[in-house]
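Engineer: My questions all concern the structure below.
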């Protein structure tokens, strides 16, 4: 057991009672199926890396950052061992470039890209020589948000390129991409955020955006020639960025990333199996009818004033209003056609059409970090079912000690939420994003969730 603040170098929890400052340090293999991802990706944990290089795993840092001084030593020749190359944080995606995965051959040809030149002070390789002076190029440039953010949203792209003839409201992304390429812009394959933000990080809504070709900088082009054993991106590249922390230049490369997120990174089998049991119990609670669920994040969201309502009862009232809307959605789907998100290998969940929709007074599931006994009692009075209402002693015994850990329990709740016929959550929580990814991989209908 460790003090959370001491372990990760943060004062975020210092004002809490000491028992709420404490946490367990646990193996990452409890959080996801490490064996499964290694079937398709080369993955090594920090402790394994250290042991491979005859370094004690005891030096692994709590905050999770790569500790250069602890993980590398200076050899007799004055070089760091294992060898290291650092990508400084302000090299990754400074405001004058748009960071993409790589520059395909056809884009290189269109833009006259050459590996010569580039800003060597920021490890940038390559320059563009072809300029564009079409009227559509200038029209697109006129709606670029700013010099420091030259990425056009899909709505802005369509607003400019739709002419009612070659491009209409029914035109596909690839048809729009062709027009962009002819006019000095390149399509960027990425994902839609929730409520205009990039907090949830789900990959269930693929979209097309665009940027001026001359602003594009490929990660592969800049760093694929590095031969060091460790290639380190310094600092944080997560906040306010799209999933993957860059844009993809082809639909295929985006699809491969989606595949990784949805199917290669998998929960542990004991969590998956137990979530199915709890799913069946929720069905039984409502006599076999479909059930709905909400994520009610309190705790840090209330403390940081990120929750939409500080008052608990007002917060719950909003969730219930949205679940009532969800009930009507499920009624409209019943007996009809079921679709999936536009993601690889999704098979529709036909239970949405076959099982009866919820009734107005049916109970619903709430995943929450609320701990106040009075508030928890109020939830139950209002028809909510909590995780502690579903789990049995036998469940806990079969699962093992790890289920006592709140982070592991949260993963179980995410897995259970993926089975809900309708799901509602806050658009500022990556917990909700994880649920959305699970739902998409299981064939959920896009109409059955709202963030």
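Since every read-out is calculated from the coordinates, none of them should be taken as a lab result. Note that the structure is predicted; figures quoted are calculated from it, not measured. No Cβ is skipped: glycine too gets one built from the backbone with ideal geometry, and neighbour counts run over all protein chains shown.
Engineer: In the stretch 258-292, what count of residues is obtained for those that are more than 15 Å from the chain's Cα centre (by Cα) and assigned to a helix (DSSP H, G or I)?
Structural biologist: Within the stretch 258-292, the first condition is being more than 15 Å from the chain's Cα centre (by Cα), and the residues that meet it are 268-292.
If we keep only those that are assigned to a helix (DSSP H, G or I) as well, we get 269-285.
Within the stretch 258-292, residues that are more than 15 Å from the chain's Cα centre (by Cα) and assigned to a helix (DSSP H, G or I) number 17.
Engineer: Yes or no: residue 211 buried (at least 19 other Cβ atoms within 10 Å of the Cβ), over 14 Å from the mean Cα position of the chain (by Cα) and outside any helix (DSSP H, G or I)? It would help to see each step written out before you state the result.
Structural biologist: Values: buried (at least 19 other Cβ atoms within 10 Å of the Cβ): yes; over 14 Å from the mean Cα position of the chain (by Cα): yes; outside any helix (DSSP H, G or I): yes.
Yes.
Engineer: Just for the stretch 63-81: of the residues that are touching a helix residue (DSSP H, G or I) at 6+ places or on another chain (Cβ under 9 Å) and crowded, with 16+ Cβ neighbours inside 10 Å, which one is nearest to residue 120 (Cα to Cα)? It would help to see each step written out before you state the result.
Structural biologist: Start the filter on the stretch 63-81 by keeping residues that are touching a helix residue (DSSP H, G or I) at 6+ places or on another chain (Cβ under 9 Å), which leaves 63-64, 66-67, 70-71, 80.
Applying the additional criterion that residues be crowded, with 16+ Cβ neighbours inside 10 Å yields 66, 71, 80.
Details: 66: 24, 71: 27, 80: 22 Å.
Across the stretch 63-81, the extreme among qualifying residues is 80.
Engineer: Within the stretch 158-167, is there a residue that is surrounded by 17 or more Cβ atoms within 10 Å (Cβ to Cβ), assigned to a loop (DSSP other than H, G, I, E, B), without any contact (Cβ under 8 Å) to a residue 24 or more places away in the chain and touching a helix residue (DSSP H, G or I) at 6+ places or on another chain (Cβ under 9 Å)?
Structural biologist: yes
Engineer: With (1) assigned to a loop (DSSP other than H, G, I, E, B); (2) surrounded by fewer than 21 Cβ atoms within 10 Å (Cβ to Cβ); (3) in contact with a strand residue (DSSP E or B) (Cβ under 9 Å, 6 or more places away or on another chain) as the list, and residue 322 as the residue in question, which single condition is left unmet?
Structural biologist: The number of the failed condition is (1).
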